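Below is one structure, written out as structure tokens; the observations come after it.
Every read-out reported here was derived from the displayed coordinates using simple, explicitly stated rules and does not represent laboratory data. Quick caveat: nothing in here was measured; it's all calculated off a predicted structure. Here the Cβ positions follow ideal geometry from the backbone for every residue, glycine too, while neighbour counts run over all protein chains shown.
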Amino acid sequence: MATPIIDAPRSGKIDVKYNRSKGGKGSFEMVAWLFMRLSGVVLVVLIFGHLFVNLMVGDGVHAIDFGFVAGKWASPFWQIWDLLMLWLAMLHGTNGVRTIINDYAERNGTRMALKTVLYVATVVIIVLGTLVIFTFDPCPAGAVTDLPSFCTAR
Amino acid sequence: MWSWVGHRITGVVIFFFLLVHVLDTSLVRVSPEAYNAVIGTYKNPIMGLGEAGLVAAIVFHAFNGLRIIAIDFWKKGNKYQAQLLWAVLILWVVAMVPFLIRQLSIVFGGN
Ligand code: HEM
């Protein structure tokens with residue numbers, strides 16, 4: 001069986017005439033490269049902690065419901081944890097997907113269109129997620145089912 | 001080479017999952033009932049296996065990401081890149097075994 005060969009992106013299979021913008025973006029790409037590595041290290045801690053607390057401790061996945069989330073976000077510790085994780089993971093993931101689009105979408109128009117969709121999705125998700133973390137009320141008025149136990153004080 | 005393909009694919013998969021994950025979690029802001037209704041539909045063996053696959057992808061991406069960082073910043077990283085890949089695979093097994101025992105016994109144990 002022949003070993004399949006996958007060309008590394010930009011390995012010469014693309015004609016030089018398609019090479020994109022000449023220079024000027026050097027420092028941005030350098031910062032992005034560094035950011036991928038720094039955010040990666042921090043994300044290991046944040047994500048492993050997140051998975052451990054949500055899936056391994058207590059009753060695992062089956063324990064997850066409104067009460068569980070409300071119990072966590074009642075504490076500023078988990079609010080900050082999740083906020084950092086949201087921003088870092090979205091920016092890291094968006095930059096990673098941007099690289100992949102640059103690698104495979106060879107036509108200028110396709111690349112622009114895909115990246116526009118990507119950036120719109122990123123902004124929507126980061127803004128939505130941030131608003132949810134900060135405007136969340138663990139004991140919403142009128143709700144009856146499944147509130148965390150500390151809500152009975154109301 | 002193949003570790004790079006694996007890193008790319010897991011990265012994209014995790015990214016798309018994250019988009020959906022933020023959307024479903026946002027339902028806590030709609031009402032407890034809306035959130036529980038949607039999360040409730042995840043509580044079946046098929047989603048349980050999907051979650052296990054997702055954790056497998058994240059754990060690989062995380063350890064291999066640390067390997068990439070080691071290769072870039074550690075003087076001897078390049079020399080030991082193949083051994084580092086073995087370390088990634090071993091750590092992946094070490095992390096996945098306890099997780100899978102926990103996850104699968106919850107998902108299929110009917111507790
Ligand atoms: C758990 C901790 C993580 C670590 C240590 C990590 C590490 C890395 C590293 C070192 C790179 C290579 C960047 C480069 O070559 O410039 C990378 C790429 C990437 N990461 Fe992560 N990452 C983590 C989490 C995530 C998460 C949560 C997502 C999704 C939201 C993600 C999505 C991606 C994508 C799409 C790429 C681009 C792949 C490519 O260009 O081939 N990563 N990651």
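Extension gain, B:Val13 to B:Val30, is 3.4 nm, computed as 0.36 nm per intervening residue step minus the present C-alpha separation. For A:Lys72, a cut-off of 16 angstrom between C-alpha atoms picks up these aspartates and glutamates, skipping any fewer than 8 places away in its own chain: A:Asp59, A:Asp82, A:Asp137, A:Asp146. The equivalent ellipsoid of region A:71-154 has semi-axes of 39, 13, 8 Å, largest first, where each one is the square root of 5 times an eigenvalue of the Cα gyration tensor.
Taking a ≥ b ≥ c as the square roots of the eigenvalues of the alpha-carbon gyration tensor, region A:48-107 is classed prolate because a/c is 1.5 or more and a/b outweighs b/c. Taking a sphere under 13 Å around the Cβ of B:His21 and counting the other residues whose Cβ falls inside, with K and R at +1 and D and E at -1, yields a net charge of -3.
Each Lys and Arg Cβ is given +1 and each Asp and Glu Cβ -1; about its Cα centre, region A:26-148 then shows a dipole of about 460 debye. Among the complete DSSP H segments of chain B, which ones combine at least 24 Å of alpha-carbon extent along their axis with a mean Kyte-Doolittle hydropathy of 0.5 or more? Membrane-span-like by this criterion, though nothing is claimed about a membrane: B:2-26, B:45-73, B:81-109.
For the protein assembly as shown, what class follows from the C-alpha gyration tensor (a ≥ b ≥ c being the square roots of its eigenvalues): rounded when a/c is under 1.5, otherwise prolate if a/b is larger than b/c, else oblate? Cα axes put the protein assembly as shown in the prolate bin. Stretched out straight at 0.36 nm per residue, the stretch from A:Val124 to A:Cys139 would grow longer than its current Cα-Cα span by 2.8 nm. Under the simplified labelling scheme, the A:Ala63-A:Arg107 pair shows an inter-label distance of 5.2 nm, with each label point 7 Å from Cα along Cα→Cβ.
Each label point was placed 7 Å from the Cα along the Cα-to-Cβ direction; for A:Phe35 and B:Ile71 their separation is 2.3 nm. Per-residue shielding of B:12-18, expressed as the average number of other chain Cβ atoms within 10 Å of the residue Cβ, stands at 5.
Subtracting the Cα-Cα distance of B:Ile101 and B:Ala87 from 0.36 nm times their residue separation leaves 2.9 nm of extension gain.
Report Rg/Rh for region B:2-109, rounded to two decimals, where Rg is the Cα radius of gyration and Rh the Kirkwood radius. Expressed as Rg/Rh, it is 1.09.
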